[in-house]
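The values are calculated or read from the model by the stated rules, or taken from the named source; none is laboratory data. Given the structure is predicted, the values throughout are model-derived calculations rather than measurements. FYI the Cβ positions are ideal-geometry reconstructions off the backbone, even for glycines, and counts take in every protein chain you see.
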Amino acid sequence: MTDEKYSPAVLLLADQMEHRMANREKWKRDAAILIDVHQVAFSALASVLKRNLGRKVEDVSKAQEGQICLISHFVQGIELCESSISEGLYSQAAALLKQEVEIVSGIEEYRTDKRKEKKTPLIGKGVTAGFGPVYGQLNDIAHLGRHEIAKNIVSGSVGNLTGASIVPVYEKDLAFALYGQHIHYIILVTQQLDVLFQSIYGKGLNEDEKGWSGGAIGVLLKEGFLKLPDNAEGEEADWIRSMIKIK
């Protein structure tokens, strides 16, 4: 160890944290309304959960219990995922987003009695139809499977030198793409929770929660993070249309 007051590990962690906070400030300026959309979307999910926590219910099925378990895992990870994106930890954020979309698929598999033990939920069918390319991109970022992606995430400059950085480097376009996905997954889980609570309690989202979800969906549609073709069919499309009408 050196004669410095703090160990090299502590000094590096402090430097990384300083850069993470600087990245968050840059993201706040660039993201603008998206940060509010995240809060509004999460508020709908948090509110419906809080209203129903502790309510007694009998004869909960294994499928319903499985959905509740996955939703709990999803909610516990929201702050960690948001912070990873906002502070420039993009490969870590991609790993968390992969888990989020797998949870979305897993919830549907439980609901439709297709869930298989010890198997990763399938991506590309049902509610995650069309998610295959996005899931592949997340996999590339999370597992650093493509050199060009891995290099770009950690590339930084000091003076005239350019190379891999050991502190998080801010990437505006990547942050937008990942943040939009994160909000979309929050909305999808809120939809699934709405359906689940209707089956358990006979009632899902209240009017405030529907309004918050509708507001978040409206911005995502306007900004291009979410698309809803006129001929889109299925439960998700119908639910999204109903939320937009309510807001």
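Assorted remarks:
- Of everything listed in (1) assigned to a helix (DSSP H, G or I); (2) at pLDDT below 95; (3) surrounded by 15 or more Cβ atoms within 10 Å (Cβ to Cβ); (4) not polar (S, T, N, Q), the single unmet condition for R115 is (1).
- Inspection of the stretch 25-34 finds a residue satisfying the criterion of being buried (at least 16 other Cβ atoms within 10 Å of the Cβ), within 16 Å of E223 (Cβ to Cβ) and among the aromatic types (F, W, Y).
- Hits in the stretch 199-247 (condition: of a type in the set (S, T, N, Q), modelled with pLDDT of 90 or more and part of a loop (DSSP other than H, G, I, E, B)): N206
- Criterion applied to S86, S47 was being surrounded by 21 or more Cβ atoms within 10 Å (Cβ to Cβ), of a type in the set (G, A, S) and at pLDDT 95 or above, and the one residue passing it is S86.
- Residues of the stretch 184-198 that are more than 11 Å from L45 (Cβ to Cβ) and touching a His at 6+ places or on another chain (Cβ under 9 Å): none at all.
- Selection status of Y179, among the hydroxyl-bearing types (S, T, Y), surrounded by 18 or more Cβ atoms within 10 Å (Cβ to Cβ), touching a residue at least 40 places away in the same chain (Cβ under 8 Å) and outside any helix (DSSP H, G or I): no
- Options Q92, Q99, Q76, Q39: the member that is within 17 Å of the chain's Cα centre (by Cα) and either under 16 Å from L174 (Cβ atoms) or in a loop (DSSP other than H, G, I, E, B) (or both): Q92
- Criterion (crowded, with 17+ Cβ neighbours inside 10 Å, in contact with an Asp or Glu (Cβ under 9 Å, 6 or more places away or on another chain) and at pLDDT below 95) met by exactly one of T190, T128, T120: T128
- Test: E58 is at pLDDT 95 or above and farther than 23 Å from L226 by Cα: no
- Cross-chain or 6+ apart pairs with Cβ under 7 Å, the stretch 134-148 first and under 13 Å from V101 (Cβ atoms) and modelled with pLDDT of 85 or more, then outside any loop (DSSP other than H, G, I, E, B) and of a type in the set (S, T, N, Q): V134/Q181
- Filter pass, V10 being in a loop (DSSP other than H, G, I, E, B), exposed (fewer than 12 other Cβ atoms within 10 Å of the Cβ) and over 23 Å from the mean Cα position of the chain (by Cα): no
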